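Each remark here refers to the structure printed beneath this line.
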Amino acid sequence: MRLAVMLATTAALISVTSHAQPAPPPGNGPGPAAPPPGGMPAMPTMAATKYATGLRITDGALNAASPKDAALATATATLVEGATITSAKNAFNPILAEGGKTAVSIKRTNIRLSGTGTNDFLGTGAGILARDGAALVLTDSTIETNGPISSALVAAENATVKIYGSKLVANGGPLPADYKPRIGPGMMEPPAPLGLVGTARTLLAMSNSRTYVYNSTIEADGWGALSTDAAGDALYLEANDCVVKVRRAGYGTYADFGANVVVNRSSIDSGGMMGIIAGKARTRYDGVTGTAADNVMMIHSVMAFDITEQATFEIANSNVVARGSALLVKSANANIAIASSKVASAKNVLLEVRKNDDANATKTNGKPVPGVLLTVTNSELEGGIIDTDPDRTTMVVLDHASLTGALKDVTLAIKGGGKWTANGNSVVTAADSATLGAIDATAGVTVQVRGAAASAPRKLPSGGSLVFSG
């Protein structure tokens, strides 16, 4: 049966019913997955949260709040089309889809919110919340929020969300006067050590959800555009042929511990970082263009139980540039692969490895860790590489690739006709004798190679010198 549903107008006219969330059926996990190692504050579950909703679809059944003065839409438990929902109410969720029996398509819908969220880990105040195994498809729609921690869309608890030809925007808003900064559930701004601004994440994926975005625009004022948190061990977030914008200091993508984030054939432009990886997580950019005021990718590790956890970043067929160090690794282990790409830095630093000034940075306590591996294939890159992290080593592999830049305290392997040209004094360890034959330096530059018997300087083809320091 089809139901004509009156959905929303101004805050003064909205009539909302608060529902106690039903307990999940046996076998479903209780609320969002456990937070990454290190322990965040305890968080109430989504199942125990009372949501103020406009349309609520639970296990295939529609429950609609229908105030008199509203834009008219036609809705069933499987289709919402042509809805216009406008609200200034705090912690209001216009559409909530939940339960493994729910499969709903939302088309040509316009959602605009100006209220405040209360906890984006619970999705309160999100334009759309999909949870507890629900399947939701959003097509040709716009969601824009103007309030702190009011996300455009939240996917959680094994939900599957697909987004086509839509625009999601989170503008954030002023923090409540009584807000006290924190990290974890209830935080209304990015953790201070990240150096970011903003008060809302546009698309937030959590707890083993699967989210696929196609031909859409994802825009944030700051903080984050495509974000993950409390990921679990099977979260997947993918964007294809999309435009990702972060107007101020925030990030385009964030892969939290356990997350797998993939961006294909898209642009990412950010007033902060294009992306961040935290701990054991993976991000892949393929066919990506973009700019970043800070870094293309920042990798860090905080409060990890396993000091050997390793982040993975792969970038292929892409053209990206940062004002700061293109790649920044802070007190973390990382496996970074650049293939057939241009990765540039206005600062002329391709990779910087250093200690994290975050008080919660993972401590190695003198134990061995994997360190950082950068593999470059089929690319011609420029920029220095420097490792000042006393706890980690950095290895660089050039395979059918060339690099021009100064290297400091790294191990270098060159193969497949690759070449390194130092344009500043450098200190390296050569992985093998073949690597030595592929090293060059410009006039006036000295390359110091550790691990071999000391020798007099050797002249290099471009006028620099190679010296073995023992």
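Quick note: the coordinates plus some simple rules give every number you see, no bench work behind them. This is a predicted model, so every value here is computed, not measured. Note: ideal-geometry Cβ built from the backbone for every residue, glycine included; neighbour counts use all protein chains shown.
Listed by chain and number, the aspartates and glutamates whose C-alpha is less than 19 Å from the C-alpha of Lys419, apart from same-chain residues fewer than 8 away, are Glu380, Glu382, Asp399, Asp409, Asp432, Asp440.
Taking label positions 7 Å along the Cα-Cβ direction at both Thr76 and Lys415, the computed distance is 5.9 nm, reported to one decimal.
Ordering of 130-141, 49-60 by packing is 130-141, 49-60, highest average first (other Cβ atoms within 10 Å, averaged per residue). Under 5 Å from the amide H of Ser266 lie the amide H atoms of Asp241, Cys242, Val288, Thr289, each residue being 5 or more positions distant or on a separate chain, with H modelled from the backbone and absent for Pro and chain starts.
The modelled label-to-label distance for the pair Asn319/Ser455, using points 7 Å beyond Cα in the direction of Cβ, is 4.2 nm. Hull volume per residue, based on the alpha-carbon atoms of the chain and their convex hull, is 128 Å³. Rounded to whole numbers, the Karplus 3J(HN,Hα) couplings from phi for the range 166-183 are 10, 10, 10, 9, 10, 8, x, x, x, 6, x, 4, 9, 5, 10, x, 7, 10 Hz, using 6.51 cos²θ - 1.76 cosθ + 1.60 with θ = phi - 60°, and x at Gly and Pro. Across the range 209-216, rounded Karplus estimates of 3J(HN,Hα) from the backbone phi angles (6.51 cos²θ - 1.76 cosθ + 1.60, θ = phi - 60°) give 6, 10, 10, 10, 10, 10, 6, 10 Hz, Gly and Pro being marked x.
When only the Cβ of Lys, Arg, Asp and Glu is charged (+1, +1, -1, -1), the dipole of the chain relative to its Cα centre reaches about 260 debye. With contributions of -39500 (n - 2.57) from each DSSP H run of at least four residues, the per-residue ellipticity at 222 nm computed over the chain stands at 0 deg cm²/dmol. Under Stokes-Einstein, with the Kirkwood radius over Cα pairs as Rh, the value for the range 379-470 at 4 °C and 1.567 mPa s is 101 µm²/s. Under the criterion of Cα pairs below 8 Å and six or more residues apart, the relative contact order for the chain equals 7 percent.
Amide H contacts for Thr429 (H built 1.01 Å from N in the peptide plane; partners 5 or more residues away or on another chain; cut-off under 5 Å): Val410, Thr411, Leu412, Arg450.
Backbone geometry of the range 381-392 corresponds, through the Karplus equation with coefficients 6.51, -1.76 and 1.60 at θ = phi - 60°, to 3J(HN,Hα) couplings of 10, 10, x, x, 10, 9, 10, 10, 7, x, 9, 9 Hz, x marking Gly and Pro.
The distance linking the range 182-225 with the range 110-126 is 12 Å (Cα centroid to Cα centroid, whole angstrom). For the range 3-355, lysine pairs with C-alpha atoms less than 25 angstrom apart, excluding pairs fewer than eight positions apart on the same chain, total 24.
Counted over the range 3-355, the DSSP beta bridges are approximately 10% antiparallel.
Distances between placed amide hydrogens fall under 5 Å for Thr404 paired with Leu381, Glu382, Gly383, Thr421, all partners being 5 or more residues away or on another chain. Considering only Asn110, Leu79, Ala413, and ranking their Cα positions along the charge dipole of the chain that arises from unit charges at the beta-carbon of Lys, Arg, Asp and Glu, the one farthest toward the positive end is Asn110. When you count the other C-beta atoms within 10 angstrom of each residue and take the mean per peptide, 230-236, 386-392 line up highest first as 230-236, 386-392.
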